[in-house]
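Written out below as structure tokens is the structure these notes cover.
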Amino acid sequence: MDVPEEIVALARRARRVTVLTGAGMSAESGVATFRDAQTGLWARFDPAQLATADAFRRDPALVFGWYAWRYAQARSVAPNAGHRALADWARIAEVRIVTQNVDDLHERAGSTVLAHLHGSLAAFRCFACDRPYAGPVPDAAGADGRVEPPRCAACGGPVRPGVVWFGEALPARAFADGVQACRDADLVLVVGTSGLVYPAAGLPEVAAAEGVPTVELNPEPTPLSRKVDHTWRTTAAVGLPALVAALAR
Ligand code: OAD
């Protein structure tokens, strides 16, 4: 696979690389994205019914069942060659990963994730008192299966998934770390995000405002494509291993 020369040159020079990842990063592991036509989760499910605090108040078993299904799905798949390439790259450069993904595939590939901007599927906590929940997660009966949320050991409140829902603020520390990592990088790669969900989608512009070179890896054009310095129409599991291999040559 040919890697565009200008992208290899930028990557070779970069001591500090920040990689912003979205659902496309995990697509080749078998995790559905949100907005891809037909296969995307939001083509089959309504975010207003599943990904808001109001939805959880209205029907906790519906919402919890959907996240229990996604949690089980994420645990049943494996990191792909793109995740592994980022872990390999970290042996020769400082690689900071800022992800919108709620799976742990970067970590399971051997990377340390600087920021989970949208939380984590595994970080269940109490909806009432916010205490972390470490008990068992009931099995999901499929994407449409209802699962009663477990109860908080401390207050008896219903347990919710530790993801950021629509209308909720991003974890402040994670977002601040993401901004900083875009400001002081030598290169920012944007991998597999539609660039539609703010504030995460604003991070490439934070980098650009500081004069940090930006590169998008995505098989499809996005609103970010015209804001970055280079676009590369490739997938995460094809492009990233090719790029990291090219650094060694
Ligand atoms: P989207 O589903 O919106 O976008 C996925 C992007 O990945 C698209 O631009 C695809 O073209 C691209 N893509 C698909 N397959 C790919 C592959 N194999 N390699 C590289 N790119 C590929 O996902 P996000 O941008 O991550 O938020 O969505 C952002 C947020 O919206 C999510 O974090 C989630 C969702 O609502 C919350 O849950 C808070």
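The values are calculated or read from the model by the stated rules, or taken from the named source; none is laboratory data. These numbers were taken from a predicted model, which means no experiment stands behind them. Counting neighbours? That spans all protein chains shown, and the Cβs are built from the backbone with ideal geometry, glycine included. SASA here: full protein model, heavy atoms, side chains in, ligands and nucleic acids out. Shrake-Rupley method; radii C 1.70, N 1.55, O 1.52, S 1.80 Å.
Show me the helices (runs of 4 or more DSSP H) found entirely inside the range 11-68 where at least 1 residues are of a type in the set (S, T, N, Q) and in contact (Cβ under 8 Å) with a residue 24 or more places away in the chain.
Working: elements: 24-27, 41-44, 47-50, 53-58.
Ranges flagged: 24-27.
I'd like the residue in the range 105-127 that is closer than 17 Å to Ala200 by Cβ and more than 13 Å from the ligand (Cβ to nearest atom) and, out of all such residues, is least open to solvent (accessible area, probe 1.4 Å).
Looking at residues that are closer than 17 Å to Ala200 by Cβ and more than 13 Å from the ligand (Cβ to nearest atom), I get His106.
Could you tell me which residue of the range 195-249 is nearest to Ala23 (Cα to Cα), considering only residues that are open to solvent by 30 Å² or more (accessible area, probe 1.4 Å), touching a strand residue (DSSP E or B) at 6+ places or on another chain (Cβ under 6 Å) and not in a loop (DSSP other than H, G, I, E, B)?
The residue in question is Thr231.
Check every one of the strands (runs of 3 or more DSSP E) wholly within the range 83-188 and list those with 3 or more residues that are within 25 Å of Pro47 (Cα to Cα).
119-126, 159-163
Kindly indicate whether Leu50 is within 10 Å of the ligand (Cβ to nearest atom), modelled with pLDDT under 95 and under 15 Å from the mean Cα position of the chain (by Cα). Show your work before the answer.
Working: within 10 Å of the ligand (Cβ to nearest atom): yes; modelled with pLDDT under 95: yes; under 15 Å from the mean Cα position of the chain (by Cα): no.
No.
Of everything in the range 33-47 that's within 24 Å of Pro138 (Cβ to Cβ) and more than 8 Å from the ligand (Cβ to nearest atom), which residue is most open to solvent (accessible area, probe 1.4 Å)?
By that ranking, first place goes to Arg44.
Considering Ala128, Ala109, Ala93, which residue is more than 16 Å from Trp66 (Cβ to Cβ) and more than 22 Å from the chain's Cα centre (by Cα)?
Answer to the selection: Ala128.
What about Thr231, is it closer than 20 Å to His83 by Cα, at pLDDT 95 or above and within 11 Å of the ligand (Cβ to nearest atom)?
No.
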